[in-house]
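What follows is one structure encoded as structure tokens, with my remarks underneath.
The values are calculated or read from the model by the stated rules, or taken from the named source; none is laboratory data. These numbers were taken from a predicted model, which means no experiment stands behind them. Glycine also receives a Cβ, built like all others from the backbone with ideal geometry; neighbour counts cover every protein chain displayed. Areas reflect the complete protein model, heavy atoms only, side chains present, ligands, DNA and RNA absent. Shrake-Rupley method; radii C 1.70, N 1.55, O 1.52, S 1.80 Å.
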Amino acid sequence: MNIPFLDGWRRRHAVAAHGVGAGTGEWDPQGLAELLSECELLRAQAQSAGVVLDDSPSSLEALDQLQPRWREDEELQSWLGNDAGLYLGTVVVHRVAGAAWRMWPDGQPFVRLVNGREIDVVEAGHQWAEDGAPQLSQRYAEIAES
């Protein structure tokens, strides 16, 4: 999925396959993590439902309990799915030892675990937004066990 707000960041950092800046040396993983953790639409939806997103596994459980009103609006569903995936990735990066954000050559972010496993969290977020399954908390538990 093309994420428009990353276009400028990618141009500035010439991100290549595994997060290395082509002409600028290493990129700032903390800066990328901060950018990807914003998830503004998801945070606004959660806040309006009284859910606090504190980057914890329990916040994923709370998101799983939201009424899926966004499914009536295809565009909103897509954006919310993207944010849900980025939020799932944020929780994983903050809570699973050795997990880190990386970028595929097409610019899509993913999470790489210490064992080398690559998780397409954006796809997981879209599945959750479209179907509610697998639940975000379930995906987190599966990832954390790896």
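Things worth noting here:
- Among residues of segment 39-50 that are in contact (Cβ under 8 Å) with a residue 12 or more places away in the chain, those with a beta-carbon under 8 Å from a residue that is polar (S, T, N, Q) and open to solvent by 60 Å² or more (accessible area, probe 1.4 Å) at least six positions away or on a different chain give the pairs ALA49/GLN67.
- Condition check for ASP131: closer than 18 Å to ALA33 by Cα and charged (D, E, K, R): no
- Flag: VAL121 matches the condition of being within 11 Å of TYR140 (Cβ to Cβ), touching a strand residue (DSSP E or B) at 6+ places or on another chain (Cβ under 7 Å) and not basic (Lys, Arg).
- Matching option when the condition is among the aliphatic types (A, V, I, L, M) and modelled with pLDDT under 95, among LEU42, LEU36, LEU53: LEU36
- Listed by first and then second residue, the pairs linking a residue in segment 92-120 that is exposed (fewer than 14 other Cβ atoms within 10 Å of the Cβ) to a residue that is part of a strand (DSSP E or B), with Cβ atoms under 7 Å apart and 6 or more places separating them unless they lie on different chains, are GLU118/PHE110; GLU118/ARG112.
- Scan of segment 48-77 for residues that are small (Gly, Ala, Ser) and within 23 Å of ILE143 (Cβ to Cβ), ordered by number: SER56, SER58, SER59, ALA62
- Flag for ALA141 being modelled with pLDDT under 95 and either under 24 Å from GLY50 (Cα atoms) or surrounded by fewer than 22 Cβ atoms within 10 Å (Cβ to Cβ) (or both): no
- Residue match in segment 53-63 (condition: closer than 24 Å to SER146 by Cβ, open to solvent by 10 Å² or more (accessible area, probe 1.4 Å), touching a residue at least 24 places away in the same chain (Cβ under 8 Å) and in contact with a Lys or Arg (Cβ under 6 Å, 6 or more places away or on another chain)): yes
- Within segment 129-146, residues that are of a type in the set (Gly, Ala, Ser) have Cβ atoms under 7 Å from residues that are modelled with pLDDT of 95 or more and in a loop (DSSP other than H, G, I, E, B) in these pairs: ALA144/VAL96; SER146/LEU113; SER146/ASN115; SER146/ARG117, counting only partners at least 6 apart in sequence or on another chain.
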